[in-house]
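Quick notes on the structure that follows.
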Amino acid sequence: MSLPPPVLEVLPRDLCAYRAGNTGIDYVHRFESGQPGPHVLINALTHGNEICGMVAATHLLDQGVRPKIGTLTISFAHVEAYEGFRQDDPFANRQIVHNLNRIWSDEWLDGPQDSPELRRARALRPVVAVADHILDIHSTSQDVEPFWVYPDYPRNGHAALAVGALGRVTTHLVMPSGLGSGTPLIQHGRHGVAESNAGVAMVVECGQHFLQAAADVATATALDFLAHFGLIDALPVSAEARATPQRRLALLQTCMVHTPEFRFVRPLQGFEIFAEGELIATDGDAGEIRAPCDNCTVMMPARVPIVGREAVYLTRPIAAAA
């Protein structure tokens, strides 16, 4: 069954003017306030077709956003994939060879393999390592509400709940045991260690890749993140937005696509809820995917399942603290 084409409200723009930067690394820009304070990294385009991050990063640069304290770094991660965008197949340029957001372990970065993604990750390694706090801006293939993704460390939870209290992004996908399908950028080095005194590192999934609403969320959230750490003044937020309740979901399982016969039992967009034991998908000879608990919420189901890539994330609600 062919899927309907997505609505393309936001399209790529030429990023050549941003290539030189000022760090000696292409597409990386750094601004120091000269005052004590944290080093915050805003990272865009970890995947080539996640355009909302490009909008947020170019907004920060075009508007001359500068830190009052500490240091601000703005990076465009995978411009090579981004430049492969085609309107007739806008999902195809997510990556070239490897998923740039699964190769941030020492085994990959110090290993013998080569690809555009590995070369770029190796170039960006010192940029990520030096940052105290990291916001990695992403988007989703389906039109779902925005949400945070982060390892279940107190430092991440405190920051996400504080920024989430502004009402723009109020759902949290918390990873108690990592992602399960590789090492993402936000878990590179000290940011992936619970006992570390490292700062915050999180992803914001802003909504469907090509919608203006996702670009708006990305821009506002980048500014909110910078304001939370004192680098800029906070944006105004309505009392109604601040009253939006937050909810947290724990990642239980990352399900991969093992065979070309993978099928969901029905079309899924994300945030559907399954009862314990209920069938979610079949995967040929590899077996079935069933809900491991009641109120199992599925997240980021694959729009088109591809062998070797993630099929869906299975989560359970985290009860609010009394």
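Under 24 Å from the mean Cα position of the chain (by Cα), closer than 26 Å to A92 by Cα and of a type in the set (D, E, K, R): which single residue out of R316, R242, R309 fits that description?
Exactly one residue qualifies, and that residue is R309.
Pull up the stretch 140-159, narrow it to residues that are among the polar types (S, T, N, Q) and not in a loop (DSSP other than H, G, I, E, B), then point me to the one that is farthest from the chain's Cα centre (by Cα).
Of all residues in the stretch 140-159, those among the polar types (S, T, N, Q) come to 140-142, 156.
After this cut, where a residue has to be not in a loop (DSSP other than H, G, I, E, B) as well, the list is 140, 156.
Numbers: T140: 9, N156: 14 Å.
Here the residue is N156.
Is there a residue being assigned by TED's automatic domain parsing to the domain that holds S139, within 26 Å of I69 (Cα to Cα) and among the hydrophobic types (A, V, I, L, M, F, W, C) anywhere in the stretch 203-211? Before the answer, list the steps.
Of all residues in the stretch 203-211, those assigned by TED's automatic domain parsing to the domain that holds S139 come to 203-211.
Adding the requirement that they be within 26 Å of I69 (Cα to Cα) leaves 203-204.
Those left that are additionally among the hydrophobic types (A, V, I, L, M, F, W, C): 203-204.
Taking every residue of the stretch 203-211 in turn, at least one turns out to be assigned by TED's automatic domain parsing to the domain that holds S139, within 26 Å of I69 (Cα to Cα) and among the hydrophobic types (A, V, I, L, M, F, W, C).
Tell me the residue from R290, R309, R303, R248 that is free of Cβ contacts under 8 Å to residues at least 24 places away in the same chain and among the charged types (D, E, K, R), please.
Answer to the selection: R290.
Does G180 meet the test of being touching a residue at least 40 places away in the same chain (Cβ under 8 Å) and farther than 29 Å from L61 by Cβ?
So G180 passes the test.
For the stretch 163-192: of the residues being touching a Ser or Thr at 6+ places or on another chain (Cβ under 9 Å) and hydroxyl-bearing (S, T, Y), which is farthest from E107 (Cα to Cα)?
So the residue we want is T170.
For F31, all conditions in the list (1) assigned to a loop (DSSP other than H, G, I, E, B); (2) touching a Lys or Arg at 6+ places or on another chain (Cβ under 6 Å) hold save one; what is the number of the exception?
If we test F31 against (1) assigned to a loop (DSSP other than H, G, I, E, B); (2) touching a Lys or Arg at 6+ places or on another chain (Cβ under 6 Å), just (1) comes out false.
Within the stretch 180-208, which residues are in a helix (DSSP H, G or I) and among the hydrophobic types (A, V, I, L, M, F, W, C)? Working first, answer last.
Initial filter on the stretch 180-208 (in a helix (DSSP H, G or I)): 185-187, 189-192.
Once the filter is applied, which keeps residues that are in a helix (DSSP H, G or I) and among the hydrophobic types (A, V, I, L, M, F, W, C), the stretch 180-208 yields L185, I186.
Considering L100, L124, L60, L72, which residue is out of contact with any Cys (no Cβ under 9 Å at 6 or more places or on another chain), surrounded by fewer than 23 Cβ atoms within 10 Å (Cβ to Cβ) and of a type in the set (A, V, I, L, M, F, W, C)?
L60
In the list V97, V163, V149, which residue meets the criterion of being in contact (Cβ under 8 Å) with a residue 60 or more places away in the chain and in the same structural domain as D233 (by TED's automatic domain parsing)? Write out each step before concluding.
Values: V97 fails: in contact (Cβ under 8 Å) with a residue 60 or more places away in the chain; V149 fails: in contact (Cβ under 8 Å) with a residue 60 or more places away in the chain.
The conditions single out V163.
Would you check which residues across the stretch 125-134 are aliphatic (A, V, I, L, M) and either part of a loop (DSSP other than H, G, I, E, B) or closer than 19 Å to N49 by Cβ (or both) and list them?
Taking the stretch 125-134 first, the residues aliphatic (A, V, I, L, M) are 127-131, 134.
Result: A131, single match.
What do you reckon, is G111 on the phi > 0 side of the Ramachandran plot and at pLDDT 95 or above?
Spelling it out, it is not the case that G111 is on the phi > 0 side of the Ramachandran plot and at pLDDT 95 or above.
Hey, does the stretch 11-28 have a residue that's in contact with a strand residue (DSSP E or B) (Cβ under 8 Å, 6 or more places away or on another chain), among the aliphatic types (A, V, I, L, M) and outside any loop (DSSP other than H, G, I, E, B)?
Yes, there is a match, as at least one residue in the stretch 11-28 is in contact with a strand residue (DSSP E or B) (Cβ under 8 Å, 6 or more places away or on another chain), among the aliphatic types (A, V, I, L, M) and outside any loop (DSSP other than H, G, I, E, B).
Can you pull out the strands (runs of 3 or more DSSP E) entirely within the stretch 209-316 that have at least 3 residues that are surrounded by 14 or more Cβ atoms within 10 Å (Cβ to Cβ)?
247-256, 279-283, 296-299
The values are calculated or read from the model by the stated rules, or taken from the named source; none is laboratory data. These numbers were taken from a predicted model, which means no experiment stands behind them. Note: ideal-geometry Cβ built from the backbone for every residue, glycine included; neighbour counts use all protein chains shown.
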